[in-house]
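Q: Would you mind keeping the following structure in view while I ask a few things?
The values are calculated or read from the model by the stated rules, or taken from the named source; none is laboratory data. Remember, predicted model here, so these are calculated numbers, not experimental data. Here the Cβ is made from the backbone with ideal geometry for all residues, glycine too, and neighbour counts use every protein chain on show.
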Amino acid sequence: MASLAIDRPTPYRAPSKMIVGGAILVGSMLLIAVVRRLNSGVPIAGVSPWLAVHLATVIPALPLGAYVMIRRKGDRLHRMLGRTWVILMIVTALASFGVRSSGHLSWIHILSLVVLVSVPRGVVMAMRGQVSKHRRVMTNVYIGLIVAGLFVFLPGRLLGSWLFG
């Protein structure tokens, strides 16, 4: 008969320097791209409302997620900030389906589907006391956020053109 493993809390581990560095890089690139767009003289009114919502939720999700990862876990503030991050990520993922290159969904939308499945799964794990599984899922979602952020700056992508002109 298989034994049931009980998920025991594990000691705090700081996020890797790669995760924090990636978040700082992507967040900085996003802010610079948006500021360059605003200072370009091109009316912002031409931006899709889906893109505006997407940017308005993803930009704060980056630093908030990093802060939640580096601070103390399990207290009331962690839960409150975590809930805020979850809402930001769900809205970001949903809004991404309105942001389409050439009128079509792209392969990067797969990450949005992963967020829509993984984030609620991570919340349920936390509610069940499966702390290490919760941490792993949420860390992986955060890494996915950073990776997706890097891909939006590829040549031919809208934010890449805002950043690099």
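Q: Which residues, counting only those in segment 126-161, are within 30 Å of V47 (Cα to Cα) and either touching a strand residue (DSSP E or B) at 6+ places or on another chain (Cβ under 6 Å) or aliphatic (A, V, I, L, M) (or both)?
A: The answer is V141, I143, L145, I146, V147, A148, L150, V152, L154, L158, L159.
Q: So for segment 69-80 (the condition being farther than 18 Å from G22 by Cβ, under 13 Å from the mean Cα position of the chain (by Cα) and not basic (K, R)), does at least one residue qualify? Explain how you work it out, then say what you get.
A: Taking segment 69-80 and keeping what is farther than 18 Å from G22 by Cβ, we get 71-80.
Remaining after also requiring under 13 Å from the mean Cα position of the chain (by Cα): none.
No; the residues of segment 69-80 include none that is farther than 18 Å from G22 by Cβ, under 13 Å from the mean Cα position of the chain (by Cα) and not basic (K, R).
Q: With S102, S161, S132 as the choices, which residue is surrounded by fewer than 17 Cβ atoms within 10 Å (Cβ to Cβ), among the polar types (S, T, N, Q) and within 20 Å of M29 (Cβ to Cβ)?
A: It is S161.
Q: Quick test of your reading of the structure: T92 fulfils all but one of (1) without any contact (Cβ under 8 Å) to a residue 24 or more places away in the chain; (2) closer than 20 Å to P63 by Cα. Name the failing condition by number.
A: (1)
Q: Consider V86 against the criteria (1) more than 21 Å from G27 (Cα to Cα); (2) of a type outside the set (S, T, Y); (3) buried (at least 17 other Cβ atoms within 10 Å of the Cβ); (4) within 13 Å of the chain's Cα centre (by Cα): it satisfies all of them except one. Which criterion is unmet?
A: Here V86 meets the rest and fails (1).
Q: Can you find a residue in segment 93-115 that is at pLDDT below 90, of a type outside the set (F, W, Y) and within 14 Å of the chain's Cα centre (by Cα)?
A: Scanning segment 93-115, I find at least one residue that is at pLDDT below 90, of a type outside the set (F, W, Y) and within 14 Å of the chain's Cα centre (by Cα), so the answer is yes.
Q: Across segment 143-165, what is the total count of residues that are farther than 19 Å from R100 by Cβ and out of contact with any Phe, Trp or Tyr (no Cβ under 9 Å at 6 or more places or on another chain)?
A: Within segment 143-165, residues that are farther than 19 Å from R100 by Cβ and out of contact with any Phe, Trp or Tyr (no Cβ under 9 Å at 6 or more places or on another chain) number 7.
Q: Can you pull out the residues in segment 60-77 that are out of contact with any helix residue (DSSP H, G or I) (no Cβ under 9 Å at 6 or more places or on another chain) and either at pLDDT below 90 or not in a helix (DSSP H, G or I) (or both)?
A: Selection gives D75 alone.
Q: Taking the condition of being of a type in the set (G, A, S), under 18 Å from the mean Cα position of the chain (by Cα) and modelled with pLDDT under 95, how many residues in segment 117-159 meet it?
A: Of segment 117-159, the ones of a type in the set (G, A, S) are 118, 122, 126, 129, 132, 144, 148-149, 156.
Checking the rest, the ones that are also under 18 Å from the mean Cα position of the chain (by Cα) come to 118, 122, 144, 148-149.
Next cut, modelled with pLDDT under 95 only: 144, 148-149.
Count: 3.
Q: Being surrounded by fewer than 18 Cβ atoms within 10 Å (Cβ to Cβ) and β-branched (V, I, T) narrows it down to one of I146, I108, so name that one. Don't jump to the end; show me each part of the working.
A: Working: I146 fails: surrounded by fewer than 18 Cβ atoms within 10 Å (Cβ to Cβ).
Within the list I146, I108, the selection yields I108.
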